[in-house]
1. Which of rounded, prolate, oblate describes segment 43-87, given a ≥ b ≥ c as roots of the alpha-carbon gyration tensor eigenvalues and a/c under 1.5 marking rounded, otherwise prolate only if a/b is larger than b/c?
2. Ignoring ligands, DNA and RNA, what percent of the 1.4 Å accessible area of the chain is carbon and sulfur?
3. On a C-alpha basis, how far is the centre of segment 149-201 from the centre of segment 51-75 in Å? Whole number, if you could?
4. Considering only PRO131, THR7, THR143, whose Cα is most displaced toward the positive end of the charge dipole of the chain, charges sitting on Cβ of Lys, Arg (+1) and Asp, Glu (-1)?
5. Provide the per residue accessible area, probe 1.4 Å, for the chain, rounded to a whole number of square angstrom.
6. Taking springs between alpha-carbon atoms closer than 10 angstrom, which of GLY81, GLY140, GLY25 fluctuates most in the Gaussian network model of the chain?
7. With a 1.4 Å probe and all protein chains kept in place, how much accessible area does GLU33 have, in Å² rounded to the nearest 10?
8. Can you tell me which aspartates and glutamates have their Cα less than 16 Å from the Cα of LYS27? Leave out same-chain residues fewer than eight positions away.
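The values are calculated or read from the model by the stated rules, or taken from the named source; none is laboratory data. Model, not experiment: these values are computed from the prediction. Positions of Cβ are backbone-derived with ideal geometry, glycine not excepted, and every protein chain shown enters the neighbour counts. Just so you know, the surface numbers come from the protein's heavy atoms only, side chains and all, with ligands and any DNA or RNA stripped out. Shrake-Rupley method; radii C 1.70, N 1.55, O 1.52, S 1.80 Å.
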Amino acid sequence: MGQMNQTVSHFFAYISKIRWIVRWGLKRNAIPENVMEHSWEVATIAHALALISNRRFEGCYDANAVATAALYHDVSEVITGDMPTPIKYHSKGMQAAFKEVEVQAERELIALLPSDLQQDFEPLVVSSQVPKDIKQLIKGADTIAAFLKCQEELKAGNSEFSKAAEDIAMRLARSDIPAVDVFLEVFAPSYKLTLDELLNGSEKVRSLPAQ
């Protein structure tokens with residue numbers, strides 16, 4: 001049984017507020033998306049990329065560690081909010097300023113944890129401490145999730161996402177992670193299916209735009 005009179009930590013209650021942070025803030029969304037649901041999707045995709053890499057490309061990832069890091073990859077946005085990509089990368093000065101704010105936000109979140117747990121969470125919450133190979137997989141998964149979001153919006157008749165879909169497709173085409181190509185080929189096409197088609201085991205999968 002744990003020690004009595006332990007100090008209360010606001011960490012998890014605070015980061016749970018990412019459910020109220022809406023993504024794609026500068027675009028009209030047919031289907032709103034918050035940071036919490038985005039993080040779950042990125043975590044599942046990153047987990048799959050790790051396993052694909054291990055099984056098919058001689059990778060040696062700890063898939064569970066990858067999934068866990070992906071779950072936390074955007075928690076600093078509970079402080080910074082979701083910065084739209086066109087603004088974040090508008091200039092080198094803007095990018096550097098946002099990075100500084102992001103680093104400070106990560107440190108403030110870590111400080112909310114009990115002192116004996118802070119070291120355990122730093123490789124999850126502090127982006128500079130996430131292992132480079134894991135960060136690369138998470139970035140790949142994040143890009144796939146953004147691409148799927150764009151396809152979902154286009155399917156709903158929202159042309160607001162057409163240029164973003166093209167840009168993200170080009171980024172995926174330049175990816176040097178073989179598992180990304182596998183995911184796009186094996187799993188992504190099914191996102192085009194309706195629920196009835198998925199439940200009926202339809203094999204008529206409509207192809208996604210060429211990468």
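1. Since a/c reaches 1.5 and a/b is larger than b/c, the shape of segment 43-87 is classed as prolate.
2. Here carbon and sulfur together make up 55 percent of the probe-accessible area.
3. Computed from Cα coordinates, the inter-centre distance equals 21 Å.
4. Value: THR143.
5. 61
6. Result for the chain, Cα springs under 10 Å: GLY25 fluctuates most.
7. GLU33 exposes around 20 Å² with every protein chain in place.
8. Here the aspartates and glutamates satisfying the reach criterion relative to LYS27 are ASP82, GLU152, GLU153, GLU160, GLU166, ASP167.
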